[in-house]
1. Within the range 26-43, restricting attention to residues that are open to solvent by 60 Å² or more (accessible area, probe 1.4 Å) and assigned to a loop (DSSP other than H, G, I, E, B), which residue is nearest to residue 148 (Cα to Cα)?
2. Which condition number in (1) closer than 17 Å to residue 137 by Cβ; (2) open to solvent by less than 30 Å² (accessible area, probe 1.4 Å); (3) hydroxyl-bearing (Ser, Thr, Tyr) is the one that residue 82 fails?
3. Would a scan of the range 98-118 turn up a residue that is touching a residue at least 60 places away in the same chain (Cβ under 8 Å), farther than 21 Å from residue 76 by Cα, of a type in the set (A, V, I, L, M) and assigned to a loop (DSSP other than H, G, I, E, B)?
4. Does residue 23 satisfy the criteria of being surrounded by fewer than 15 Cβ atoms within 10 Å (Cβ to Cβ), in contact (Cβ under 8 Å) with a residue 12 or more places away in the chain, within 30 Å of residue 106 (Cβ to Cβ) and of a type in the set (Lys, Arg)?
5. When only residues in the range 86-116 that are exposed (fewer than 14 other Cβ atoms within 10 Å of the Cβ) and of a type in the set (A, V, I, L, M, F, W, C) count, which is nearest to the chain's Cα centre (by Cα)?
6. Return the residue satisfying two criteria in turn: it lies in the range 122-137 and is free of Cβ contacts under 8 Å to residues at least 60 places away in the same chain and either among the aliphatic types (A, V, I, L, M) or at positive phi (or both), and of such residues it is least open to solvent (accessible area, probe 1.4 Å).
7. Could you check the range 44-73 and list, in sequence order, the residues that are part of a loop (DSSP other than H, G, I, E, B) and either of a type in the set (Gly, Ala, Ser) or within 18 Å of residue 157 (Cβ to Cβ) (or both)?
Amino acid sequence: WGGGLSTTTWRAPVDTRDFSLERGRSDFDRRHVFNAAAVWDLPFGKGEKFGGDWHPAINAVLGNWSVNGLFTAMSGEPFSVTSGARTSNNAHVSRAAILDPNVKAKLQDKPGVLGPVLFPDASAFALPEPGGNGGPRNVFTAPSFWNADIGLIKGFSLSDRVPVQFRTGIF
């Protein structure tokens, strides 16, 4: 994100002479974050509950598999809506003026637009007055996010005498 060092990012201060306009939620304020990870060694193959007496060739293919999973769920991060115009001394892109104080950001479909949008139209926003800086900082919250990953891992030994096992992921 550039750390807010450019004049066009929504994370940059709107007026470096008046930091009181920057009071608001931190850019990285995620109220809730949950992470979980799990690994399950499947009970098939040499030394396991099932297939302990398999031929070594069959054990090499069907034995020593693991399943792992990662799950992440988090609340949305705060953000500001920029105006896209340099209204204050042509020095930076200002935030949009908020006309409707009840407007909320939420994912929704809009006919003719590919993918969801946060606001169905721009009627709740306007360009700030000339020389103005627009609305407050980080008053909107992006939608929450979750992700689940699953992996299948096959472990194998170079020989029965080598105790080190190598693992490779399938996906």
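The values are calculated or read from the model by the stated rules, or taken from the named source; none is laboratory data. The structure presented is a predicted model; accordingly, all values stated were derived computationally and were not measured. So basically every Cβ, Gly included, is an ideal-geometry build from the backbone, and we count neighbours across all protein chains shown. Just the protein is used for accessible areas: all its heavy atoms, side chains included, with ligands, DNA and RNA removed. Shrake-Rupley method; radii C 1.70, N 1.55, O 1.52, S 1.80 Å.
1. Looking at residues that are open to solvent by 60 Å² or more (accessible area, probe 1.4 Å) and assigned to a loop (DSSP other than H, G, I, E, B), I get 32.
2. Of (1) closer than 17 Å to residue 137 by Cβ; (2) open to solvent by less than 30 Å² (accessible area, probe 1.4 Å); (3) hydroxyl-bearing (Ser, Thr, Tyr), only one is false for residue 82: (2).
3. So in the range 98-118, the residues touching a residue at least 60 places away in the same chain (Cβ under 8 Å) come out as none.
No, because not a single residue in the range 98-118 is touching a residue at least 60 places away in the same chain (Cβ under 8 Å), farther than 21 Å from residue 76 by Cα, of a type in the set (A, V, I, L, M) and assigned to a loop (DSSP other than H, G, I, E, B).
4. Details: surrounded by fewer than 15 Cβ atoms within 10 Å (Cβ to Cβ): yes; in contact (Cβ under 8 Å) with a residue 12 or more places away in the chain: yes; within 30 Å of residue 106 (Cβ to Cβ): yes; of a type in the set (Lys, Arg): yes.
So residue 23 passes the test.
5. Within the range 86-116, the match that is nearest to the chain's Cα centre (by Cα) is 107.
6. Just the residues of the range 122-137 that are free of Cβ contacts under 8 Å to residues at least 60 places away in the same chain, to begin with: 122-132, 135.
Checking which are either among the aliphatic types (A, V, I, L, M) or at positive phi (or both) leaves us with 122, 124, 126-127, 131.
On the way: 122: 72, 124: 10, 126: 35, 127: 110, 131: 47 Å².
Here the answer is 124.
7. Filtering the range 44-73 for residues part of a loop (DSSP other than H, G, I, E, B) gives 45-49, 51-55, 63-64.
45, 46, 47, 48, 51, 52, 53, 54, 55, 63, 64, listed by residue number.
One line per residue, one yes/no per condition, for (1) in a loop (DSSP other than H, G, I, E, B); (2) modelled with pLDDT under 90:
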position: 76; (1), (2): yes, no
position: 92; (1), (2): yes, yes
position: 122; (1), (2): yes, yes
position: 148; (1), (2): no, no
